[in-house]
Structure formats: C-alpha cells, structure tokens
1. Report the calculated FRET efficiency for Ala104 and Glu200 (r = Cβ-Cβ distance, R0 = 45 Å), to the nearest 0.05.
2. Loop only by DSSP, 16 or fewer other Cβ within 10 Å of the Cβ. Give me the chymotrypsin sites (Phe, Trp or Tyr not before Pro) in segment 97-198 that pass, ordered by residue number.
3. Suppose we keep just the alpha-carbon trace of segment 136-212; what are its Rg and Dmax in angstrom?
4. Calculate the spin-label point distance for Val83 paired with Arg33, positioning each point 7 Å from the Cα along the beta-carbon direction, and give it in nanometres.
5. Taking the beta-carbon count within 10 Å as an exposure proxy, list Arg138, Arg186 from fewest neighbours to most.
6. Please report, in whole Å³, the volume per residue of the convex hull around the C-alpha atoms of segment 135-268.
7. Per residue of segment 251-267, in order, report the coupling 6.51 cos²θ - 1.76 cosθ + 1.60 (Karplus, θ = phi - 60°) as ³J(HN,Hα) in whole Hz, putting x for Gly and Pro.
8. Give, in nm to one decimal, the length gained when the segment between Arg57 and Asp251 is fully stretched (0.36 nm per residue of separation minus the Cα-Cα distance).
Amino acid sequence: MDLTPRSLARPEAMGDVPGVCTLPLTRAVVQYRDVHELDHMGGRVEDIGMALVVEGRYAAAAEVVDLGSARTKVLDLSTELVVLDWAYEPTHEHVSDLLVRAAASGETAELRRYGFQLARRVLERVGFGPLTRPVLLRIGFRDLCRDLDLHEGTSIRIVIGSGRVVRAHLDCDSCALVFRTAFQRRDSLLERALLNAFPEARLRCVDPTTEAGAVEYCARFPLPASFDETRSVLELVRGGLGRLMARFEPDRHAALSGMARTFGDRETLSRLQLGGSSPAREVALAPPAGPGLVASTVH
C-alpha cells in the first residue's frame, strides 16, 4: 500500500463530486421536465415528459424523442437525471428508423403510436412510484386540456372578466394546480371562486416578486400514494375546473358538458395496467361533530 503524501492528497479544486453526469445515455428511457419551452408552462400538450434517448454520448446535449408527441429535443441531462428503464438495441434501432421515415415523409402517426406503446410498457413494468408519478399526472392532465381547452400548451385558459384571463397548469412534481394571472394585486372575486371550486385543496396566493410580476394562485393537492389516488386527484382537478368555468363562462361550460355527455371524457390512464399500485384498504376517521366550523382562507 502506497502511503506517500501524494497518494493521500485530495484535489481541493475539484471537490468531492463532479456535479455532472458523464455516462453515455443512449437507449435510456428518461423522465424530464421541459424547461426549454418557457413560453409553455407545463410543456406542450402532446408531450408526456418521458423520452427515449436516441443519441446520448454526451449527457449535456442528449438527443431524445418524446414518447407522446414524437418530437425530438436536445436536453441537458448532465445535472438532473431520472432513468426509468433501458430500451433494447433493436428497439432503439427501430425508433431511429421511424424517425428517419417521419423526417422524410412529414408523417409522425406511426412513430407516435409506437412511442406511446413503449411508454406504456415501461410504466407498467416500473409501476407506480415517486419517479413515475409526474409522468402519470402529466398524461392525465393532458387529457383535461384536450377536453376543456385544446391548444399548443398544457394549460387551461378561463376568462373571468372583460380582458381578464387566468391560465391554469399542473405542477406535476408537487401535485399543485397553478393559476397564472396578469394581476399585480390579489383578486377577491377569483379567490372566493377558487375556494368554492377546490374545497379539497390547500389554496395559497403567491405575490409577485418583481414590479413587472403578477399574482399567482396555487391549489395544492395531497401527493398521490397510488395509481388509483392519482386518477382520483385528476378527477378533483377536472371537477374544480368545471366549477370555475360554470361560474365565469356558463355558455362554454354548457357546450363542453354537452360534448362530454355525448362522447365521454378522455382518460388515457384507464388504458394502463399498473398492477400492485393500490395500497391496503384504509378507512378515514372523522372527528366528532362540534358546534363550530373552521373557514378556509387563502394565505
């Protein structure tokens, strides 16, 4: 054993950890947060936040294809990396071939279909957990956006008055519905409507941090502990957004309700079979009835 001072010395300038990933990531199936599209809070509606790395020799510039939209992106996976699974080489080669054909023809239907089948198999193999929960929430909220307000972004716009539009997107990491406004001061009418629409959520107001900033409201739900709870939370979100629309845009709400009665709600998560995701049966204990009620407030 060499115990010379040179062998015991530690390079102080480098520290204890490099801080970046230096592994080749080609064929990895990763979960990502789309921070590259800052104009679309929550990402684009076709994306599911789960991608196959088609060229990942350098993690800081990994070329991926989203398994929902079939869109290619270049992501920096060097400092934040969540690998859900690895694809076989024939699978990677097949996806690469589909990408070439899609680029030549401009048609991505086959690639989207195969990509979501791959995502589905990975999710069913990995099962429900903290790493897959954001992807499942995003897939479910994507359905809500398509039903209530289909456009490029994964958000839902609600007109609450003349020239006053609120945009709601789901923070899938914290399971919170975030309402972005253009107001620099709190809006008591909107606050009362949010309290009535989301009685199950913890509501908070986020004041602007800059002079040009705007007020945001956050309806935070308990983090789902199972696949079934994830679907239940999304139903609460859908119901609350429906109540908001009924309050501020009754004509639009009536039209959307009629379409839902005819065609039904989208529910992509119902196509997934996540075995073993349900916990043991639980029974909630209610406190004894008292003489008074505690009112909810927005802080």
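1. Numbers: r = 49 Å, r/R0 = 1.10.
Approximately 0.35, to the nearest 0.05.
2. On the way: sites: Tyr114, Phe116, Phe128, Phe141, Phe179, Phe183; in loops: Phe128, Phe183.
Taking segment 97-198 and a limit of 16 other Cβ atoms within 10 Å, the loop chymotrypsin sites (Phe, Trp or Tyr not before Pro) found are Phe183.
3. 13.2, 36
4. 2.1 nm
5. Final ranking by Cβ density, sparse to dense: Arg186, Arg138.
6. Details: hull volume 15.5 nm³, N = 134.
In segment 135-268, the Cα convex hull volume per residue is 116 Å³.
7. 3J(HN,Hα) across segment 251-267, in whole Hz: 5, 5, 5, 5, 5, 5, 5, x, 5, 5, 5, 7, 9, x, 7, 5, 8.
8. Working: separation 194, 0.36 × 194 = 69.84 nm, distance 5.28 nm.
Gain in length upon complete extension: 64.6 nm.
Each value in this text was obtained by applying a stated rule to the coordinates, not by laboratory testing. Note that the coordinates shown come from a computational prediction; the quantities given were computed from them, not determined experimentally. A quick note on method: Cβ atoms are made from the backbone with ideal geometry, for glycine too, and the neighbour counts reach across all protein chains shown.
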